[in-house]
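First comes the structure, then the notes that go with it.
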Amino acid sequence: MSLIENTYKDLSKRAIKVLKKNWQGSFSIPCKGLYPFQWNWDSGFIAIGFAHFDMDKAKKEISTLLDAQWGNGFIPHIVFHNESDTYFPGPDYHQTYLHPKASKKYKSTGMTQPPVTGFVLQELYKIGKDKEDILLFIEKVIDNVYENHNYFYENRDPYNEGLVYIYHNWESGTDNSPMWDGIFKTMDSPEYNFERRDTAHVDAAQRPSKREYDHYLYILEIAKEHNYDDKKIAELSPFLVQDPLFNSILIKSNQSLIELYDLIGNNQEKINQLKKWQEKSIRSFNKKLFDKELEAYIHYDLRNNKPINYISSSSFSPLFANIPSPERAQILVNTLNKKFGGKDKYLCASFDPTNNLFNPKKYWRGPVWININWMLYYGLKNYGFNQLALRVKKDSIELVEKVGFYEYFDPRKEFYKENSKGYGGNNFSWTAALVINLLNEN
Ligand code: GLC
């Protein structure tokens, strides 16, 4: 066996260990201490990792998440399976019982996260050896995922554009991105008195500021005041954004549902509905969220009715969902190369390194995240950019190999001449899960 094969085998073994350690019996935590509950999109990525060596756990991860689904199809961003007080705002803060359709079984947040479950089911089908067994599982849960998409189109698309909004930065998954700075400036949030827990686990320089937390809480207080009613939120939330990453993931998952329903058979009505959503979503996405001057996809601030003119790693997520034409994909890749792709950097920084708001250490303001790289890798392959895809894969593996299964990484190569640590939590589940997938993929 070659040295490279040996190293990869060892990395894969270590990744499996991380996932086994974070497994809680029916779901996984993203990492110990910092994130002690079940997170929505984390679970999806984690299930992909488990699928390579323990399909039962992969299935359980997803069915536990879906068990917390609300009566209206909504799936929360955190499911509180225990009363841990190492996280703020924890189980008692959110009061989701205020919403008439909320789960009676679980405490949760009243926000959601990018809807990965549809494409995750398809990944499980691709990875699984026993296709019949996995198809039986998919048959059991697929309608829940469909209901979730239905929830989005019915409640989160007030102008019937095929583009759904998020009402909180925590719904985006890219929590602390500079994208939201301008919106927070429009808000007159009170100064809350609360005890943060994240900075007890992680250096404050890598986390959001106290003032930013005030804004995060203020949006939630408004939602709570109106019992998490979607219409009221659409009307009153100071934060209302059409996010390209969120919508790309919804579109990718729509496509997976179409293909999976097709495999199962007898679901023509749902397929027709999904195709209608899909057609409208892709059309609007290309029309509204592509900025011809920046030559990239952007976020749209629906509350203040204006585009947010920044480029981030979310700008490239449409490749993953086959949204751009081949010509536009080429333009997008040129932008990626020009702004993010310098030889002194690992791909892919989470925010435009040429912008002065770029910060290589701070949460979503610059560092590399492995889940984003994973989507970028498959997105580039979709369009035949195989060399660049390979670079994304190699960069991801090299970073993890060098410093461990961290939550995020410094994109500057020179940083590692003197440092051998990543940022945020260590032994982080989706980093481990997606490395397993990348190592098993060719
Ligand atoms: C952070 C990330 C979010 C993730 C969560 C748990 O809040 O921004 O995307 O789901 O941690 O890992």
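Derivation of every value follows stated rules applied to the coordinates shown; laboratory data play no part. In this text the structure is predicted, and so the values were computed from the model without any measurement. Neighbour counts are summed over all protein chains in view; Cβ atoms, including those assigned to glycine, are modelled from backbone coordinates with ideal geometry.
Would you pick out the residues in region 386-439 that are out of contact with any helix residue (DSSP H, G or I) (no Cβ under 8 Å at 6 or more places or on another chain), surrounded by fewer than 17 Cβ atoms within 10 Å (Cβ to Cβ) and in contact (Cβ under 8 Å) with a residue 60 or more places away in the chain?
Lys413, Glu414
Give the residue, chosen from Tyr165, Tyr216, Tyr151, Tyr192, that is among the aromatic types (Phe, Trp, Tyr), touching a residue at least 24 places away in the same chain (Cβ under 8 Å) and within 17 Å of His99 (Cβ to Cβ). Break it down stepwise before answering.
Working: Tyr165 fails: within 17 Å of His99 (Cβ to Cβ); Tyr216 fails: within 17 Å of His99 (Cβ to Cβ); Tyr192 fails: within 17 Å of His99 (Cβ to Cβ).
Sole residue among the options that is among the aromatic types (Phe, Trp, Tyr), touching a residue at least 24 places away in the same chain (Cβ under 8 Å) and within 17 Å of His99 (Cβ to Cβ): Tyr151.
Of all residues in region 167-183, which are farther than 15 Å from Ser312 by Cα and within 12 Å of the ligand (Cβ to nearest atom)?
His168, Trp170, Glu171
Is it the case that Gly379 is at positive phi and more than 16 Å from the ligand (Cβ to nearest atom)? Spell out the reasoning first.
Details: at positive phi: no; more than 16 Å from the ligand (Cβ to nearest atom): yes.
In short, no.
Can Ile251 be described as of a type in the set (Val, Ile, Thr), assigned to a helix (DSSP H, G or I) and more than 19 Å from the chain's Cα centre (by Cα)? Lay out the reasoning, then the answer.
On the way: of a type in the set (Val, Ile, Thr): yes; assigned to a helix (DSSP H, G or I): yes; more than 19 Å from the chain's Cα centre (by Cα): no.
Here the answer is no, as Ile251 does not meet what is asked.
Which residues, taken from region 323-369, are out of contact with any helix residue (DSSP H, G or I) (no Cβ under 9 Å at 6 or more places or on another chain) and surrounded by fewer than 14 Cβ atoms within 10 Å (Cβ to Cβ)?
Pro326, Glu327, Gln330, Asn334, Lys338, Lys343, Asp344, Asn356
Go through region 378-423 and give me each residue that's among the polar types (S, T, N, Q), more than 25 Å from Arg328 (Cα to Cα) and in a helix (DSSP H, G or I). Can you show your working first?
As a first pass, look at region 378-423 and keep what is among the polar types (S, T, N, Q): 382, 386-387, 396, 419-420.
Imposing the further condition that a residue be more than 25 Å from Arg328 (Cα to Cα) reduces the set to 396, 419-420.
The one that is among the polar types (S, T, N, Q), more than 25 Å from Arg328 (Cα to Cα) and in a helix (DSSP H, G or I): Ser396.
If Trp277 satisfies all but one of (1) part of a helix (DSSP H, G or I); (2) surrounded by fewer than 18 Cβ atoms within 10 Å (Cβ to Cβ), what's the number of the condition it fails?
Answer for Trp277: the failing condition is (2).
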